[in-house]
Amino acid sequence: GTFVPLQGVPLIFSAARILSARNVAVKFTVIGSGQTAPECGEVPDNMTWIKSWVELSKLVEFIRCADICLGVFGQEGKVDRVWPYKNYWSMLLGKVVVTGAKVDLVADAPAYFLSERSSESLAGLLEDIAVGAFPLMLSTDIKGFYDANLSNQVGLSALLRRIREIQVIEKRSENIER
């Protein structure tokens with residue numbers, strides 16, 4: 001990604017450092033660079049940081065190989081109003097998403113939502129998942145949620161319904177005016 005503040009990448013680096021210090025067997029792959037990269041500090045020993053741009057096909061392979069995909073962990077602004085593209089892709093591929101976002105659109109999604117956006121909270125949740133305290137969600141449940149709620153077809157159907165509703169309202173208005 002582009003490391004915009006919305007992403008909360010420094011928080012991810014910090015969580016990785018916490019897990020490394022606790023000797024928890026969690027490996028991170030971070031892809032991208034940008035605005036908040038200078039705030040990230042040294043790369044922890046449990047992290048691979050790919051700073052160059054990655055083509056979509058290669059990015060899909062990284063997602064396919066991951067057990068968990070991290071969402072957004074920014075502290076303010078639109079973080080609670082968006083479900084980023086990377087979350088759509090992760091869920092399309094049936095991957096568990098861990099995120100700090102609390103977006104109404106996906107409130108019942110099969111994802112892990114942090115109650116607090118902090119590196120300690122993220123590290124704690126990832127550690128719990130790593131040691132089996134929380135079982136990973138089934139990829140079929142995640143993919144099913146995506147297909148039923150987030151797919152292009154669902155979005156297009158909702159848009160077309162809304163357009164038809166507006167057309168009906170406009171026709172009623174025209175009939176009243178006559």
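The values are calculated or read from the model by the stated rules, or taken from the named source; none is laboratory data. Note that the coordinates shown come from a computational prediction; the quantities given were computed from them, not determined experimentally. Cβ atoms come from the backbone with ideal geometry, glycine included; neighbour counts cover every protein chain shown. The accessibility values were calculated without ligands, DNA or RNA, using every heavy atom of the protein model including side chains. Shrake-Rupley method; radii C 1.70, N 1.55, O 1.52, S 1.80 Å.
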Practice task
Only residues in segment 17-40 that are closer than 25 Å to LYS58 by Cα and of a type outside the set (Phe, Trp, Tyr) count as the first member; pair them with residues that are in a strand (DSSP E or B) and open to solvent by less than 30 Å² (accessible area, probe 1.4 Å), Cβ under 7 angstrom, at least 6 apart or cross-chain, and list the lot.
Solution key: VAL30/MET47
Practice task
Might you check whether a residue that is farther than 23 Å from PRO5 by Cβ and of a type in the set (A, V, I, L, M, F, W, C) occurs anywhere in segment 39-49?
Solution key: no
Fill in the blank from the handout: Looking across segment 64-88 at residues that are without any contact (Cβ under 8 Å) to a residue 40 or more places away in the chain and surrounded by 17 or more Cβ atoms within 10 Å (Cβ to Cβ), the single one that is farthest from LEU125 (Cα to Cα) is ASN87
Problem - Elements of type strands (runs of 3 or more DSSP E) in segment 1-112, at least 2 residues being closer than 26 Å to THR140 by Cβ - result: 28-31, 68-70, 96-99
Problem - Residue tally, condition within 22 Å of PRO135 (Cβ to Cβ) and either open to solvent by 30 Å² or more (accessible area, probe 1.4 Å) or hydroxyl-bearing (Ser, Thr, Tyr) (or both), over segment 99-115 - result: 6
Practice task
Would you check if ALA133 is part of a loop (DSSP other than H, G, I, E, B), out of contact with any Pro (no Cβ under 6 Å at 6 or more places or on another chain), of a type outside the set (Asp, Glu) and at negative phi?
Solution key: yes
